[in-house]
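See below for the structure under consideration.
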Amino acid sequence: MDGRGSTLPTTSALANHNSIQRSLVMPFLTTEDMKMCFSLFCCCCGVGSLGLAGNYASAGYFAATVAFVFMAIVNTYATWCLCKVLVVAPKSTLTLGDLGDWCFGPIGRYFSLVFQCLLCAMFPIVYLVLGGTLLVTLFPDTFSQTTWLILMAVTLLPVCLVPTMKEGAGMAFAGGLATILADGIAIYLLITNMQRINTSGVTPPAPPVTFTSVTTVFGNLAFAYGACMIIPSLHHEHTQPERMPRVSLVAQGMITLFFFTVALTGVFSAGCQTPNNLLFAISTSNLGFAADRGFVVLAFLFMQLHITIAFAVIFFPVFQILERLVLGLHKVRVVDDASGVATPSIDNLGATEYGRTDKDPTPQDALDAYEVPGAYFKASLVRTALIAVCVVIAVIWRDHLSALVDFIGASASALVNMVLPILFYLKTFWTTVPTSERAFAIVCMAVACFLGVYVSIQTGKDLFAPVKRDPKILFPRCSAEYQEVVFTNLTHYGRMQAPN
């Protein structure tokens, strides 16, 4: 096998036979598979789902559906590609950086590692800021957003100190369920209250569709579909990693169905006046109604629960990388086939022996790494210090973080979750991939790169040269006549033609 993974690796006939025999007797999804699905669902179905209805409010039904279908196909294909490459990669592959080194050498390693860490660190910071905002809304006239943000970080520590993601599969399930309940309550309140006040059956206004309004949908969808950044860790923890391609397809199918349901049910009641965040749609009076406070609080608490759990799930790859670099945990061991003796690799990153000898480097078991006396305590200190850094950044950027995340996240998320997995797949299986699939993969990468750069430029304008917005404009996605007053206000719109 080529050390860079340029051709499809071969396995022994016996191994293939055993794999086939296992697949014949194994169920479609095992209990362990479902645990992995829960982690992927919890990673994707959360904060990003709150803005899906806003995508339709910005781009309209047709354009938003096209963008949604494209992102669903590309992200599902990318996660499948990443799982297929991990199956044939060395067992020591724990991060995207490891995979980048195996495919493209040191340049690939550090390029992948930087963007993966950037993305995995930025998402939890967003969660901290959003969580602080939710708590301020839940408990007005108490603490400031900064104080709530710090208190929230303290409550996150026990969740973040769980050793591995598989050990926290139950929490991942709870996090995914919390998202479903939070979105469900928000959509129920939005639909029922809009029906109550829209007694004349006025059609919600549609947005003016422009190139910018359509392409900016890419940013939210890229944020929502961020699964590839945790797949290497899940692959390492699975006792039968060859099942991960199927797991990824099932998980992405569940995620896409959930996203599509939330987007359509969340937008049809208010049209272009649907807010960016479904929770804020029911907690304010901008749409002309005051939702039941008890249900609003319940929806906020469910989303707060999801944030608490998803924070650790998404942050886990960064924890693992730092523990490897700083503490020397998760070391690579090279097994000598002749003697059967395992010896530690001299490179804690596992790069020295990647595919460059006949020996197969394997990492320590995820839990075994913490059984060394003092290892778990040191790892806890590293994780706590990293969370403290994120709190400081979140406090500093609490008023501008959304623009910052859009600026970095659009390109970083597209690169980590779409471009790199497909690129690794083409590099590894180039000689066996059909020409039609190669063309499809290249088109996917080209479109993702273009949209990532374009959206980063557009959001960068808001970050570095923000324009002061008119406080009277409540619904900036709508045309001028529907930007200040809710469309159900017949007194205001009585002299105007009803919106189409």
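A compact table of results
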| read-out | value |
| --- | --- |
| In nm, spacing of pseudo-spin labels at Thr199 and Ile473 (7 Å Cα→C-beta vector) | 3.3 nm |
| Per-pair calculated FRET efficiency, R0 = 41 Å: Ala446 and Gln240 via Cβ, rounded to 0.05 | 0.75 |
| Residue-wise HN-Hα coupling along the stretch 35-47, computed from phi with Karplus coefficients 6.51, -1.76, 1.60 (Hz; x: Gly, Pro) | 4, 5, 4, 4, 5, 5, 5, 5, 5, 8, 8, x, 4 |
| Efficiency of FRET between Asn489 and Thr31 - r from beta-carbon atoms, R0 51 angstrom, step 0.05 | 0.45 |
| Net charge of Cβ neighbours under 14 Å - reference Trp80; Lys, Arg +1; Asp, Glu -1 | +1 |
| Radius 13 Å from Cβ of Ala441, net charge of other residues (Lys, Arg +1; Asp, Glu -1) | +2 |
| Label point distance in nm, Leu157-Ala385, each placed 7 Å from Cα along Cα→Cβ | 1.6 nm |
| Net charge, Gly132 excluded, C-beta distance under 12 Å - Lys, Arg +1, Asp, Glu -1 | 0 |
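Every number here is computed from the coordinates shown, using simple stated rules; none is lab data. Fair warning: this is a prediction, and the values are worked out from it, not measured in the lab. Note that we place each Cβ from the backbone using ideal geometry, even for glycine, and neighbour counts take in every protein chain shown.
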